[in-house]
1. Enumerate the calculated ³J(HN,Hα) couplings along the stretch 53-59 in order (Karplus 6.51 cos²θ - 1.76 cosθ + 1.60, θ = phi - 60°), each rounded to whole Hz, writing x wherever the residue is Gly or Pro.
2. Would you please give the residues with an amide H less than 5 Å from that of HIS24, counting only those at least 5 places away or on a separate chain, with H modeled from the backbone geometry?
3. For ALA7, put the label point 7 Å out on the Cα→Cβ axis and report which residues of the stretch 15-57 keep their amide N under 18 Å from it.
4. Mean shadow of the chain, computed from the convex hull of its alpha carbons, in nm²?
5. Pairs of alpha-carbon atoms within less than 8 angstrom and 6+ residues apart define the contacts here; what relative contact order does the chain have, in percent?
6. Restrict the search to the chain; then list the trypsin sites (Lys or Arg not before Pro) that DSSP places in a loop and that have at most 16 other Cβ atoms within 10 Å of their Cβ.
7. Long-range amide H contacts for VAL42: which residues qualify at under 5 Å (H placed 1.01 Å from N, peptide plane, sequence gap of 5 or more or a different chain)?
8. Neighbour counts of other C-beta atoms within 10 Å: give me GLU62, GLU38 arranged from fewest to most.
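Just so it is clear, none of the values below were taken in a lab; they were calculated from the coordinates. Note that the coordinates shown come from a computational prediction; the quantities given were computed from them, not determined experimentally. When we count neighbours, we look across all protein chains shown, and the Cβ atoms used for this are built from the backbone with ideal geometry, even at glycine.
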Amino acid sequence: MIMPSMAFSNFAELLPQSAFIRIHRSFIINKARITHIEGNRVFINTIEIPIGSNYKDDFLKEIGF
């Protein structure tokens with residue numbers, strides 16, 4: 001977990017878009033680390049991360065669903 005001193009959206013722009021995706025107002029994840037998806041949740045090993053309704057469609061398109 002990283003807590004930058006800048007706006008979250010500005011921080012997201014610094015990350016490579018090919019590897020990272022925003023899935024929730026509070027979460028940006030590395031796509032390569034996703035272990036599985038269940039409903040509106042993404043799992044990275046045992047960590048459960050919600051998929052925000054505003055981000056769900058873009059996320060599913062990005063990962064090929």
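1. With the stated coefficients, the stretch 53-59 comes to 4, 6, 10, 4, 4, 5, 4 Hz.
2. When sequence neighbours closer than 5 places are left aside, the close amide H contacts are GLY52.
3. The answer is 15, 22-28.
4. In nm², the orientation-averaged hull projection of the chain is 4.4.
5. 23
6. Within the chain, the qualifying trypsin sites (Lys or Arg not before Pro) (loop, at most 16 other Cβ atoms within 10 Å) are ARG25.
7. Close amide H contacts, sequence-distant or interchain: ILE49, ILE51.
8. With the sparsest Cβ surroundings first, the list reads GLU38, GLU62.
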